[in-house]
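*Asks:* My questions all concern the structure below.
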Amino acid sequence: MAAKPRIVIVGAGNLGTALAVSLQSTGYKIELLMTRSRGASLRNAQKLARQIGAHASAGPPQTMHAEVVWFCVPDGEIARAARGLAAKIEWKGKIALHSSGALTSDELDRLRRRGAAVASVHPLMTFVRGSQPSLAGVPFAVEGDGIAVRVARRMVREMGGQSFPIHKSDKAAYHAWGTFASPLFAALLAATERVALLAGVKPEEARRRMIPILLQTLANYAAFGAAGAFSGPIVRGDVDTVKRHLRVLRGAPAARRVYSTLARIALLYLPVKRKRSLKRVLDSSQNLGA
């Protein structure tokens with residue numbers, strides 16, 4: 001395979017866009033951005049194609065020279081997209097990749113049977129509309145056929161990322177880990193904004209005021225781990241303050257349940273004083289609705 005194989009990206013959403021830009025910036029030729037429809041998806045792909053010097057289409061071209069086809073579509077569409085392209089492209093000698101965190105390379109088994117080497121290549125990063133994160137330093141979980149894994153690892157390395165192997169049986173747990181690290185963290189921040197309302201602070205202002213403490217907490221976590229970054233009344237075993245929190249959080253029941261759950265996790269995994277007393281308070285508040 002060429003030192004820098006030509007690439008087709010199927011799907012030009014947030015992830016596909018970030019990959020296309022990163023690959024193109026490191027010298028890879030993006031031959032085609034392929035979408036599933038001719039509506040907004042195709043218009044977005046055409047805009048990106050102009051940016052990176054590629055073509056865009058709502059289906060496969062009559063001839064395709066790319067050696068790598070990278071599927072960047074939602075999990076539920078990977079196998080279907082592969083089936084749709086199986087008979088339309090000559091797959092012998094090609095590499096097919098997908099970027100699901102939860103699903104294995106076997107989602108591309110239809111293409112494997114037609115001669116492609118396949119792999120799953122998932123970046124442990126968040127991709128949202130309006131943001132285009134760099135992939136430099138990002139870890140990628142990789143598993144699949146030997147040659148596809150080797151090609152994927154080289155591409156990741158040249159984008160500045162860091163690949164690591166993962167067993168197929170571990171992918172669901174791996175993806176749950178990533179979900180805790182970003183989407184559920186965002187959910188926690190949404191609950192935090194509801195608590196700010198109890199203190200008379202509107203969500204927009206709460207978000208602005210929380211940024212310094214959030215950034216410092218992440219810096220502490222990076223430097224000292226979870227135990228070293230843990231502070232506040234729970235680590236001190238301040239039972240009376242925890243009681244006050246639980247009382248005032250009656251005004252935000254969902255956030256109160258989050259507080260109680262996270263406090264129990266702290267008792268399990270973090271250095272906390274007066275654990276038994278705190279556990280009694282949490283148990284009492286749960287049992288009595290106190």
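*Asks:* Residue under question is ARG129, and the condition is that it be of a type in the set (Lys, Arg) and over 17 Å from the mean Cα position of the chain (by Cα); does it hold?
*Replies:* no
*Asks:* In addition: Given (1) part of a helix (DSSP H, G or I); (2) touching a residue at least 12 places away in the same chain (Cβ under 8 Å), identify the lone condition not met by ASP283.
*Replies:* All conditions are met except number (2).
*Asks:* Give the stretch 217-241 a look and list any residue that's in a helix (DSSP H, G or I), surrounded by 14 or more Cβ atoms within 10 Å (Cβ to Cβ) and either under 31 Å from the mean Cα position of the chain (by Cα) or touching a residue at least 40 places away in the same chain (Cβ under 8 Å) (or both), or say none.
*Replies:* Of everything in the stretch 217-241, those that are in a helix (DSSP H, G or I), surrounded by 14 or more Cβ atoms within 10 Å (Cβ to Cβ) and either under 31 Å from the mean Cα position of the chain (by Cα) or touching a residue at least 40 places away in the same chain (Cβ under 8 Å) (or both) turn out to be THR217, ASN220, TYR221, ALA229, ILE234, VAL235, VAL239.
*Asks:* Follow-up. Does the stretch 249-257 include one or more residues that are more than 28 Å from the chain's Cα centre (by Cα) and farther than 25 Å from ALA181 by Cα?
*Replies:* Yes, the stretch 249-257 contains at least one residue that is more than 28 Å from the chain's Cα centre (by Cα) and farther than 25 Å from ALA181 by Cα.
*Asks:* Among the residues of the stretch 161-175 satisfying the criterion of being in contact (Cβ under 8 Å) with a residue 60 or more places away in the chain and not hydroxyl-bearing (Ser, Thr, Tyr), which is nearest to LEU135 (Cα to Cα)?
*Replies:* HIS175
*Asks:* When you look at PHE164, is it over 27 Å from GLY27 (Cβ atoms) and at pLDDT 95 or above, yes or no?
*Replies:* no
*Asks:* Shifting gears a bit: Which pairs turn up if I take residues in the stretch 12-26 that are closer than 13 Å to SER131 by Cα and look for partners that are assigned to a helix (DSSP H, G or I) with beta carbon separation below 7 Å, at least 6 apart in sequence or on another chain?
*Replies:* THR17/LEU48; VAL21/ILE52
*Asks:* Given the condition more than 17 Å from GLU107 (Cα to Cα), small (Gly, Ala, Ser) and surrounded by fewer than 17 Cβ atoms within 10 Å (Cβ to Cβ), answer yes or no: does some residue in the stretch 15-33 qualify?
*Replies:* yes
*Asks:* Within the stretch 248-270, how many residues turn out to be in a helix (DSSP H, G or I) and under 15 Å from LEU197 (Cα atoms)?
*Replies:* 8
*Asks:* Only one residue in VAL69, VAL121 is buried (at least 21 other Cβ atoms within 10 Å of the Cβ) and more than 13 Å from VAL10 (Cβ to Cβ), so which one is that?
*Replies:* VAL121
*Asks:* Among the residues of the stretch 242-267, write down those that are among the hydroxyl-bearing types (Ser, Thr, Tyr) and surrounded by 15 or more Cβ atoms within 10 Å (Cβ to Cβ).
*Replies:* Hits for the stretch 242-267 are TYR259, SER260.
The values are calculated or read from the model by the stated rules, or taken from the named source; none is laboratory data. Please read all numbers here as calculations on a predicted model, not as lab measurements. So basically every Cβ, Gly included, is an ideal-geometry build from the backbone, and we count neighbours across all protein chains shown.
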